[in-house]
Every structure is written in C-alpha cells, then in structure tokens.
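Undergrad: Quick one: the structure is below, questions incoming.
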Amino acid sequence: VILVSSPSSARPIPEWEQQLSCGAAGFALLAAAHMSGFAGQWLTGWPAYSRGFARVLGLAPRERIAGFIFLGTPRRTPSERPRPAEEDVVRHLRTAADVAALAGGKAG
C-alpha cells in the first residue's frame, strides 16, 4: 500500500491537519492489520522522496508519499528492537508551573 498525503487549500481543514490525517490513516491500517492477525510495517526510503517516482505514480505536485505499508502473514514473531526509555521521550505536565517552565516562563 502506498500512503499518499494529498492536502488541498480548498478544504476548510488546515493543511497540517490534513497531513496528520494521512498519518492517522496509515496507523489505523496497520493497527487493523495487526489486530486481524496480519503483519505490517510502514517504511519510507528514497522512493518516498523522489519526485520522479511520484510522477510515475501520477501524483500531483502538492501530493507526497507518506510511506509504503507492507502487509502479509507473519512467519515468525518479530524480534523486539531497542527503544528509548519512556522518561527520555515523554514529559508529564501536571501543573501550570510545568507548562510555564516548558514555555520558558511564559504561561498563557
């Protein structure tokens, strides 16, 4: 599956939200596949960034390949890959002071 972001300024939805929706659709496809017992992986690579490849697919200049989703039947359980510790990638904001500190002292 080739996932394509096709934002349009004619829509009342901001372009950034349209791009996020494309990513959410890719995630939903993978989640549904995994919940149904299939395997899936979302990859990019050079074809995702190649305007020549986009032209071969007939994409408009505003359209971008968000990724390639490979789906199939698993032959084995995939090995776990190293992941960062939660505290290295998640910040909990519990108080207004936490938000102000994150904003450089400018709570709004």
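The values are calculated or read from the model by the stated rules, or taken from the named source; none is laboratory data. Everything quoted here is computed from the prediction, not taken from an experiment. Cβ: placed from backbone, ideal geometry, glycine included. Neighbour counts: every protein chain shown.
Residue by residue, here is whether (1) in contact (Cβ under 8 Å) with a residue 40 or more places away in the chain; (2) touching a strand residue (DSSP E or B) at 6+ places or on another chain (Cβ under 6 Å); (3) part of a helix (DSSP H, G or I); (4) not hydrophobic (A, V, I, L, M, F, W, C) holds:
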| residue | (1), (2), (3), (4) |
| --- | --- |
| ALA60 | yes, no, no, no |
| GLU80 | no, no, no, yes |
| ALA97 | no, no, yes, no |
| GLY104 | no, no, no, yes |
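Undergrad: Still on this structure, I have one more. Could you list, in sequence order, all residues of segment 61-94 that are surrounded by 10 or more Cβ atoms within 10 Å (Cβ to Cβ) and at pLDDT 90 or above?
TA: The answer is ARG62, GLU63, ARG64, ILE65, ALA66, GLY67, PHE68, ILE69, PHE70, LEU71, GLY72, PRO74.
Undergrad: Can you tell me how many residues in segment 34-60 are of a type in the set (Ser, Thr, Tyr), out of contact with any Gly (no Cβ under 7 Å at 6 or more places or on another chain) and over 14 Å from LEU71 (Cα atoms)?
TA: 2
Undergrad: Another question, then. So which residues in segment 1-53 are within 30 Å of THR77 (Cβ to Cβ), of a type outside the set (A, V, I, L, M, F, W, C), in contact with a Pro (Cβ under 9 Å, 6 or more places away or on another chain) and not in a loop (DSSP other than H, G, I, E, B)?
TA: Correct list: GLN41 only.
Residues are listed down the side, and each one gets a yes or a no for (1) hydroxyl-bearing (Ser, Thr, Tyr); (2) over 20 Å from the mean Cα position of the chain (by Cα); (3) over 18 Å from GLN19 (Cα atoms):
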{"residue": "TRP42", "(1), (2), (3)": "no, no, no"}
{"residue": "GLY45", "(1), (2), (3)": "no, no, yes"}
{"residue": "VAL56", "(1), (2), (3)": "no, yes, yes"}
{"residue": "ARG75", "(1), (2), (3)": "no, yes, yes"}
